[in-house]
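What follows is a short report on a single structure.
Bear in mind these aren't lab numbers, they're just calculated from the coordinates by the rules spelled out. Computed from a predicted model, the values in this text were never measured in an experiment. Cβ placement follows ideal geometry from the backbone for every residue including glycine, while neighbour counts extend to all protein chains displayed.
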Amino acid sequence: MPTLLADTNLFLWVDLEQPTPEETKFVLEDIFHFHPLSIEDCIVVSPSPKVEEYTPKEEDRFAPYLFMVIHAVDYSRKDGVFATSELNFFLGKNFLVTYHEVPLKSIHSTEERCLKGTVHIARAPDRVAHTLLDGIVENYRPALEELSLEIADLEQQALQSPGKETLNKILQVKKEVSNLRRIIGPQREVLARFARGEFKLIRAHLVPYYRDVYDRLFHIFELAQGYIDSLTGILQVYLNMSSNHTGEVVKLLTMITLITTPLTLVGTWYGMNFQHQMPEYEWKYGYLMALVVTVLSTAATYWYFKKKKWF
Amino acid sequence: MPTLLADTNLFLWVDLEQPTPEETKFVLEDIFHFHPLSIEDCIVVSPSPKVEEYTPKEEDRFAPYLFMVIHAVDYSRKDGVFATSELNFFLGKNFLVTYHEVPLKSIHSTEERCLKGTVHIARAPDRVAHTLLDGIVENYRPALEELSLEIADLEQQALQSPGKETLNKILQVKKEVSNLRRIIGPQREVLARFARGEFKLIRAHLVPYYRDVYDRLFHIFELAQGYIDSLTGILQVYLNMSSNHTGEVVKLLTMITLITTPLTLVGTWYGMNFQHQMPEYEWKYGYLMALVVTVLSTAATYWYFKKKKWF
Amino acid sequence: MPTLLADTNLFLWVDLEQPTPEETKFVLEDIFHFHPLSIEDCIVVSPSPKVEEYTPKEEDRFAPYLFMVIHAVDYSRKDGVFATSELNFFLGKNFLVTYHEVPLKSIHSTEERCLKGTVHIARAPDRVAHTLLDGIVENYRPALEELSLEIADLEQQALQSPGKETLNKILQVKKEVSNLRRIIGPQREVLARFARGEFKLIRAHLVPYYRDVYDRLFHIFELAQGYIDSLTGILQVYLNMSSNHTGEVVKLLTMITLITTPLTLVGTWYGMNFQHQMPEYEWKYGYLMALVVTVLSTAATYWYFKKKKWF
Amino acid sequence: MPTLLADTNLFLWVDLEQPTPEETKFVLEDIFHFHPLSIEDCIVVSPSPKVEEYTPKEEDRFAPYLFMVIHAVDYSRKDGVFATSELNFFLGKNFLVTYHEVPLKSIHSTEERCLKGTVHIARAPDRVAHTLLDGIVENYRPALEELSLEIADLEQQALQSPGKETLNKILQVKKEVSNLRRIIGPQREVLARFARGEFKLIRAHLVPYYRDVYDRLFHIFELAQGYIDSLTGILQVYLNMSSNHTGEVVKLLTMITLITTPLTLVGTWYGMNFQHQMPEYEWKYGYLMALVVTVLSTAATYWYFKKKKWF
Amino acid sequence: MPTLLADTNLFLWVDLEQPTPEETKFVLEDIFHFHPLSIEDCIVVSPSPKVEEYTPKEEDRFAPYLFMVIHAVDYSRKDGVFATSELNFFLGKNFLVTYHEVPLKSIHSTEERCLKGTVHIARAPDRVAHTLLDGIVENYRPALEELSLEIADLEQQALQSPGKETLNKILQVKKEVSNLRRIIGPQREVLARFARGEFKLIRAHLVPYYRDVYDRLFHIFELAQGYIDSLTGILQVYLNMSSNHTGEVVKLLTMITLITTPLTLVGTWYGMNFQHQMPEYEWKYGYLMALVVTVLSTAATYWYFKKKKWF
């Protein structure tokens, strides 16, 4: 194997998918002799992406390499959670070791393309790494489209039938998008270092390709920011709709109270038992008068509300 | 054609408006031999503006050039959406290739001015590029004026007749302005690089002109920020008006309840049927007393509200 | 004239106040041969301040100069609007050209001081420029004092008699102050370049004076920020007062409803017409009992509210 | 002792746990002759972490050393307070002095590991310091997990049974998390200086280990930020639930008022005493009509609310 | 006097406390020949702190010196206002001139310590300046402790008896703390320049002492930020308590209305005067039935609220 690596015209890609500890040890330690810290970082689940350059010192037996941790995102609408799966790279001049616990779409598609012999990709580790990163960034797109649909949906709901679940959903999606942004943020910084051409192991003429990936990730970050703004707006609509609804109820209560007031007042007044003292009782048209007063007052109240556009 | 380009005294502007793939290939690849990445970026719709300098390496056959993507904005009040159309530049020492899928105002007016032979503009690619960028920035102005009118309109609406649609409109315009700001933001950064004189292909004595364009774009960005502040204020007025309205309704309900209370109480009390035990029924002035008590209490209540300035 | 300028011991200040186009052309182009871009920037109303250094190249006929656009502020309480008037400087080694469309206080006072022969000021263009800038910054003070008074006034209003106009006024003053801050912001950056001694045309021993002007402007910016914070607080008081008011109204409604409840219940109950079945009607002390129950219950309710400190 | 230190092959770790002033003076002043300022900083409780490099000048008798103050966190759910305990390091080429007033977990576990002779750790002061820092950062994890549980709990409470205590709890946990963030913030900056390899006393091949600690702390900081966002969301749910509750109460009041309105109106109207003028009283089916009108109107009202989905 | 100053082994401290203009002129101009700008800055009340280095040019007669303006804070709980008093320093190699209009605690205590001959302090101007700055920063502590108590107090008030004054107090304290932060902000920047060792007049071995003062001021700034966060939380509690209170009132109103509804309905119904058509009037147990229906319905309503935990 070392002989293989010594031949700088060859390029070796080792993909460790759910490897056993023995395999891991064999490949990372016994063959490539990677720095123990990067091997530990590779095996342990690390929450934030990073990239580090390892240059061998006298006593070290490894060739110079880049170690990178990056997270692929998998969003399923069902549970509305962004699952991230870690992908570790060891990128040397003529080798690439990828390590991941979970099968990854972008790895598989890249492998297929390499096997099919699409010439450009398979030529060098920095090209393959670019294709992998490209695939990871591309995978955000369907997640974003689903989110975009869901947000449009929530906007409708907030305006039409706001309920407890709507609020919950709005806040949950907002949390998801914040979460997504928090995943992308540090990735952006990792990719920015590639885009600036900081690493000698990435050949200069490939840097624009990495910059391209960076630009796309940046745009996704901006989109996520836009989604958060939209959701804040939707929340405001929701809260307003909800308080508007109470306002409408109070309006109804007031309206009914006012419209029934004339009848109630007249009825209560003439329910008094000063039987022989109230001239209205004696008066021939007493009841008619009560009726007319009630009807007119009620009509006036009704007309008042009509004019004020209460209904 | 290469011969033409070899003559450094001549300057060639090729404008590709909705070109066929063959035309594109012919111009960008066969004549100018541009870098494949910039050709891909040119053809694909890219969401964020950018500028990149391509310097040929040994094997490359292109002359050094700047590749720029910028977005022109087209705002129609009808649907209140900022449509952006992409404009791609390839700017070399003695050539300028512009590529766009949609006809653009600033391209056409610049072409006309070139054909009319206004001397200054037509002399060099960096001058033409400046005129184009100037036109794109200038095109924001009508959009901003429409937005400014709409915001003034919304301010009126929020104060006078706030309704569901007003809220919706406020949030929509706010989204539009945020959107606009998100379009301008990265453009500003692209233009800043010109204004700082970062590119050798832009001659030093033209840099102040680019700085001028940058200053105008910066001012538009500031305006957009100001619009967002205004809209936040309008939203606050709207929400307050809406909650004020409920307050007014509750006030009305309370007022009517209180003003009718004396009559209701007196009426209910003397509706009791303790016919032969209540001395008031026997008393000659019983009804008169009831009437006087009712009228006086009601007047007192009325006076109380008047004093408290409830109406 | 050129002869005059050639004599480096003399210093020339040309003030163009509302000049005719001919005057402008004569002074700026024919005498001083300024760079066309700066002449255009001078004539056109430009929204943001700037400063630029023009160094002549071979073909240019102007002496090195600084071109600066700065905005003086004029705040009249009547309409509560900050009117800005543009002031353009062309500052050379031994000349100063000022250009403004509107008469400016700081220009006039500086002219007077120059004519009176106050020695220090009149000696060099960088001294005069400092005096002018100083005057412009000083002019912010009365505006800020008026704003400060208005804000104190609004604080009172929000606590005592909050109404629709109060909200409107608060939001309007807030907009004004934001506006002011947006005017000062870029000016601060322009002055910072002077304060850092970036320009050779400002002699080193005058830089502390410019730093002084910068410090004052910075403080005004901070003050404006403080005003915005105050206004946000006042807005919160206002909104709370307004919702408190509704709370008070609801409290009143509830209190009246509860206090009248005993009477209403007793009255309604004994208004029933089961004339010969209700023993209370037969009972000698029936009415007395009803009266006592009503009075006691009402007193208990009253006492309850008293204890709960409702009034 | 000085002889011991002079032997650069030996490495000395002195741990001062709750030392008496005499011990402190003996170790820090008489043996190591540390700079008086760092001794003062060590003894006094200092609120913010820091790291400083002391290089001896001619008259100084100490060897070059790094002085660092860092805070370990101890979170007990009972009182929900983050107690911090200060740990001071004096890190030289072949010595490490740690000073702390309170027994610390990470110190003890490191000591145990050193005594057990785990070779790597015990070899050099920079290794021990790394292990200590690692332990301190690791100690945040249980606190964060408790907080995470509490936040999930609050989310449930806010949705189901929001009360005064819920609000209080939300705001208290939010304060705690802000507090935690305020503790971590400056620590991050201190560790960043190690991660950048700023200090010569930390050997280059150990810098990646420090970077690792830094990365973990950075992730904890991000987590805390995420918690604050969650709590802001929970607060919004709480406030909405609370105002929703009032809305529900108003709805109930309105519903009952409306449903009883027909009966009240009919009852009041026919309670009038125009005994001999009201034809209904004479009419045979008068009471039946009243009954039917009441029942039908009430049913209609009921049906209306049913349709509007009020219950 | 100049002779005195020429002797570099001596160190002169001149403290000008409320000096007459003549004294000021005599000391600052005639003896030390300070730069006129710094003298003006010293006499005029300047709102923001600053530090400037004056290096003499050929024609200048002063020795190189640092001019600093810093503000001491005096907080009296009575009126809750931070009064700042300006302190001006002229710090040279062997002299220190302090100028202040108001007697200052830190000046007096330092003077005392100098006279007592505490050796270290009195030795050099940079030591005295450090002691003065230290005293000024130390003076913030009691103010912060008072604020901290007040905030704890407000937290109690907001939860227990929120009223208009509470809101007012919260906003006022918040304004005070913002104000304090605005005072500290620029001071921090001034001290940062000392902490970075920017000035040659401060000897290198004293820089750590200045860094110490800076660290303390930074911590105070952080504390102030924490206070503002607390006050924002208290404000939220207050606003919630206030709206909760209205909610409680509405609940009470609804409860009373519902509990009295059965009695009112029965009473109103049987108050109808269809004397000879209503079978209940004839029925022997009519009244009993009415009584039973009322009692049962009321009990059911009561039980309903009990179950819903309304009281």
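In this rough spin-label picture, where each label sits 7 Å from Cα along the Cβ direction, the residue A:23-residue B:306 distance is 9.3 nm.
Tell me the relative contact order for segment B:181-244 as a rounded percent, counting alpha carbon contacts under 8 Å between residues six or more apart.
Reported as a whole number, the value is 33 percent.
Working note: Cα atoms of segment C:104-251, range along each principal axis, descending, whole Å: 74, 31, 16. Between 0 and 90 degrees, the angle of helix A:140-160 with respect to the longest Cα principal axis of chain A falls at about 0 degrees. Adding -39500 (n - 2.57) for every DSSP H run of four residues or longer, then dividing by how many residues chain D holds, sets the calculated 222 nm ellipticity at -20500 deg cm²/dmol. Where does helix B:286-307 land angle-wise versus the long Cα axis of chain B, in degrees 0 to 90, nearest 10? Relative to chain B, helix B:286-307 is tipped by roughly 30 degrees.
Of all beta-carbon atoms in chain E, the one sitting closest to the axis that brings chain E onto chain B gives E:271, 3, with the distance in whole angstrom.
Dividing the Cα radius of gyration of chain B by its Kirkwood radius returns 1.43 for Rg/Rh. Normalised by the residues of chain C, what does the relative contact order come to in percent, with Cα pairs under 8 Å and at least six apart? About 14 percent, as a whole number. Working from Cα positions, state the angle (0 to 90°, nearest 10) between the long axis of helix A:164-195 and the longest principal axis of chain A. Compared with the principal axis, the helix lies near 30 degrees.
Simple spin-label estimate for residue A:123 and residue B:156 gives 6.5 nm between the two label positions (7 Å along the Cα-to-Cβ direction from each Cα).
When residue C:229 is represented by a point 7 angstrom out along its Cα-to-C-beta vector, the spacings to that point in the other copies are 1.7, 1.7, 2.7, 2.7 nm, nearest first.
In this label model, residue C:276 and residue E:192 are separated by 9.9 nm, measuring between points 7 Å along each Cα→Cβ vector. Could you list, in their original order, any pairs among A:308/D:308; B:251/C:164; D:164/E:309; A:251/D:308 whose Cα atoms are separated by more than 18 Å? Long pairs (Cα-Cα over 18 Å): A:308/D:308. Set the Cα radius of gyration of segment D:11-149 against 2.2 N^0.38 Å, with N its number of residues, and you get 1.10. If you run the Gaussian network model on chain B, springs between alpha carbon atoms under 10 Å, then out of B:15, B:30, B:215 the most flexible one is B:30.
Tell me, what is the percent relative contact order of segment B:221-311, built from C-alpha pairs under 8 Å that lie six or more residues apart? Display every interim value, and only then the final one.
Working: 21 pairs, mean separation 31.4, N = 91.
About 34 percent, as a whole number.
One equal scatterer on each Cα of segment A:171-311, no solvent, Debye formula: the resulting log10 I(q)/I(0) at q = 0.12, 0.15, 0.19 Å⁻¹ is -0.74, -0.89, -1.07. Of the residues B:66, B:231, B:291, the one that moves most in a GNM of chain B with alpha-carbon contacts below 10 Å is B:291. The ranking of E:230, D:46 by Cβ neighbour count inside 10 Å, starting from the fewest, reads D:46, E:230. Less than 20 Å from a label point 7 Å out along the Cα-to-Cβ axis of residue C:295: which backbone N atoms in segment B:278-293 qualify, by residue? In segment B:278-293, the label zone of residue C:295 (backbone N under 20 Å from the point 7 Å along Cα→Cβ) covers B:278-283, B:286, B:289-290, B:293. Between segment B:141-186 and segment E:156-209, what is the C-alpha centre distance in whole Å? Each part's Cα centre sits 38 Å from the other's.
For the protein assembly as shown, the alpha carbon convex hull comes to 273 Å³ per residue, rounded to a whole number.
Among the listed pairs E:57/E:116; C:50/E:25; A:105/A:175; A:284/D:284; A:50/A:174, those whose Cα-Cα separation exceeds 30 Å are E:57/E:116; C:50/E:25.
Sorted from closest to farthest, the other copies place their residue B:114 label points 4.7, 4.7, 7.6, 7.6 nm away, with each point set 7 Å from Cα along Cα→Cβ. Calculate the FRET efficiency for residue B:285 and residue C:245 from the Cβ-Cβ distance with a Förster distance of 45 Å, rounded to the nearest 0.05. Efficiency for this residue pair is about 0.60. Short to long, the 10 Å bins of the Cα pair-distance histogram for segment B:172-212 hold 29, 35, 22, 12, 1 percent of all pairs. For segment C:138-207, the set of trypsin sites (Lys or Arg not before Pro) satisfying both a DSSP loop assignment and a count of at most 11 other C-beta atoms within 10 Å is empty.
Largest GNM mean-square fluctuation across B:89, B:11, B:218, computed for chain B with C-alpha springs under 10 Å, falls on B:11. Each copy carries a label point for residue C:103 at 7 Å from Cα along the beta-carbon vector; from one copy to the others these points are 5.3, 5.3, 8.6, 8.6 nm apart, nearest first.
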